[in-house]
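The block underneath contains the structure these notes are about, expressed in structure tokens.
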Amino acid sequence: MQGLGLEVLLKGKNAARLLSGLGVAMRISLVSVLISIPLGILLGVLMTRKNIVIRAILKIYLEIIRIMPQLVLLFIVFFGTTRVFGWNLSGETASVIVFSLWGTAEMSDLVRGALISIPQHQYESAAALGLTPAQTYLYIIIPQTVRRLIPLSINLITRMIKTTSLILMIGVVEVLKVAQQIIEANRMSSPNAAFGIYLTVFVLYFLACWPISLLAKALEKRWA
Amino acid sequence: MSDVILTLRGVTKRFGENGVLEGIDLDVKQGEVVVVLGPSGCGKSTLLRCINALEEIQAGEIRLEGEKIDIRSKSLAGVRQKIGMVFQSYDLFPHLNVLDNVTLAPLKVQKRAKADAQEEALRLLERVGLKDKAESFPRELSGGQKQRVAIVRALIMHPEIMLFDEVTAALDPEMVREVLDVIMGLAAQGRTMIIVTHEMQFARAIADRIVFIDGGHIVEESSPEEFFTNPKTERAQNFLRTFLFETVKKTAE
Ligand SMILES: Nc1ncnc2c1ncn2[C@@H]1O[C@H](COP(=O)(O)OP(=O)(O)OP(=O)(O)O)[C@@H](O)[C@H]1O
Ligand SMILES: [Mg+2]
């Protein structure tokens, strides 16, 4: 134990602090996901529309968000906008804003992809049976789109959870930040804590994301 | 037997500059089986798609039992229920099992009772030998089985007329027969049908009338006997020769 620095975990409330750090990360991703999914669906549907102006605007939004490293976005929102507009943003709120912007962009692209992957003849056979366009969407197109979408959006959620590790850079005390604090505090007594604590962080991320990606795989297989 | 139920008058279809159908006139009588033949790309699929208002026509009109088929009309979904269509590509809904594929339209479009729709679906599936597949999903079926389900899915709507667009063209040869047999059975029941096919023996056996299309026009219209033994136009002779050549080669092997 001594060699790996795991004993630090048992000291004081260290284990609980790490878990609550993970809780912060999970909360931020969950809130962002809940915002991103409906907005992403809306924008994704708009992206399949014929209106060129709307499509161009959405495309630009998507590209900007994709090209920009998430850390830069976090800095812009947290340090940049608070200066320029003079408002007060907590690190957590800034994180939710950035993750929602990012999640919405990614989600809209997934929705667009799922929608255009439904073959034309699905629309036509439905029409030939006398289904109205609304019925066609309700019973044929949306169910198929959702089946394609769910595994993909679950993967997006795990990507978000992982990326929350960046928010320590704007002062949010999430799991990685807690880990740093613990390591710092025990620097003299347990010089090996870095290994044990980061190993724990690794396991925590793994435990948070693994079941989610298992679920995605299972759904993918079931609906293939 | 002699009431005309479908009339086409001067039906003209263009894709941009490209004219595909140039004024097609056609009457189909109750209980009649019309087989449409013609070289690839002559507009056979387009003709069927126009009848079902999947394509907009630029001129002319199409009437089913006197009712005009108009892609813009509010009653389009209503007219379409009277037309059953089966396409070349397997177009079952992949997220629904066979029974749900078949009963979706009767339940949602015709608002029939579930028990009634399911009972008829099972009866029709039994007739095409697929009752035991009612719970299967399309991906679990062979091409021939999928096409038989697609036929049942159209039949359950009680259409006035059935349109078949090369429903066996994408099938492995050993599955063609099972699908054609189902269609032969429908003909025996006196169903009105327009069939596009490349199976010449089948065309000859099932048709009451052959309509040969080339260059956007109906070039020849006659009984199957006459069309296959004594085609009047040179274009029809050439068309038939391509099939004949295949047969000669096969016997020579
Ligand atoms: N959506 C479309 N847009 C433009 N041109 C089209 C479209 N659909 C069909 N065409 C053209 O219309 C012509 C007739 O096509 P159609 O599919 O009706 O032919 P077909 O007689 O069914 O041929 P095949 O025997 O190969 O199935 C072709 O030249 C085709 O390129
Ligand atoms: Mg065709």
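Can you say whether B:R191 is closer than 19 Å to A:L129 by Cβ, surrounded by fewer than 20 Cβ atoms within 10 Å (Cβ to Cβ) and either touching a Cys at 6+ places or on another chain (Cβ under 8 Å) or away from chain A (no Cβ under 13 Å) (or both), as far as the supplied structure shows? So B:R191 passes the test. Report the residue count in the range B:166-178 for those that are surrounded by fewer than 21 Cβ atoms within 10 Å (Cβ to Cβ) and within 16 Å of ligand 2 (Cβ to nearest atom). Counting residues in the range B:166-178 that are surrounded by fewer than 21 Cβ atoms within 10 Å (Cβ to Cβ) and within 16 Å of ligand 2 (Cβ to nearest atom) gives 3.
Candidates B:E119, B:E135, B:E140, B:E199: the one that is over 22 Å from B:L64 (Cα atoms), among the charged types (D, E, K, R), surrounded by fewer than 22 Cβ atoms within 10 Å (Cβ to Cβ) and within 16 Å of ligand 2 (Cβ to nearest atom) is B:E199. Counting only residues that are under 29 Å from A:P133 (Cβ atoms) and near ligand 1 (Cβ under 7 Å from one of its atoms), the range B:18-46 holds 6 of them.
In the range A:1-118, counting only helices (runs of 4 or more DSSP H) that sit wholly within it, the ones holding 1 or more residues that are within 15 Å of the chain's Cα centre (by Cα) and small (G, A, S) span A:14-47, A:91-116. The condition (being surrounded by 15 or more Cβ atoms within 10 Å (Cβ to Cβ) and in contact with a Gly (Cβ under 6 Å, 6 or more places away or on another chain)) is satisfied by just one residue among A:L6, A:L22, A:L74, A:L62: A:L6. Restricting the range B:56-76 to residues that are buried (at least 18 other Cβ atoms within 10 Å of the Cβ) and touching a residue at least 24 places away in the same chain (Cβ under 8 Å), the residue that is nearest to ligand 1 (Cβ to nearest atom) is B:I57.
Among all positions in the range B:143-162, there is at least one residue which is surrounded by fewer than 19 Cβ atoms within 10 Å (Cβ to Cβ) and away from chain A (no Cβ under 14 Å). Flag: B:P94 does not match the condition of being surrounded by fewer than 17 Cβ atoms within 10 Å (Cβ to Cβ), touching a residue at least 24 places away in the same chain (Cβ under 8 Å) and in a loop (DSSP other than H, G, I, E, B). Scanning the range B:16-69 for residues that are in a loop (DSSP other than H, G, I, E, B), more than 14 Å from chain A (Cβ to nearest Cβ) and more than 14 Å from ligand 2 (Cβ to nearest atom) yields B:G16, B:E17, B:Q30, B:G31, B:E32, B:I57, B:Q58, B:E65, B:G66. B:L99 fulfils the conditions (1) within 16 Å of ligand 1 (Cβ to nearest atom); (2) free of Cβ contacts under 8 Å to residues at least 60 places away in the same chain; (3) more than 14 Å from B:L8 (Cβ to Cβ); (4) surrounded by 17 or more Cβ atoms within 10 Å (Cβ to Cβ) except for a single criterion, (1).
Every number here is computed from the coordinates shown, using simple stated rules; none is lab data. These numbers were taken from a predicted model, which means no experiment stands behind them. Note that we place each Cβ from the backbone using ideal geometry, even for glycine, and neighbour counts take in every protein chain shown.
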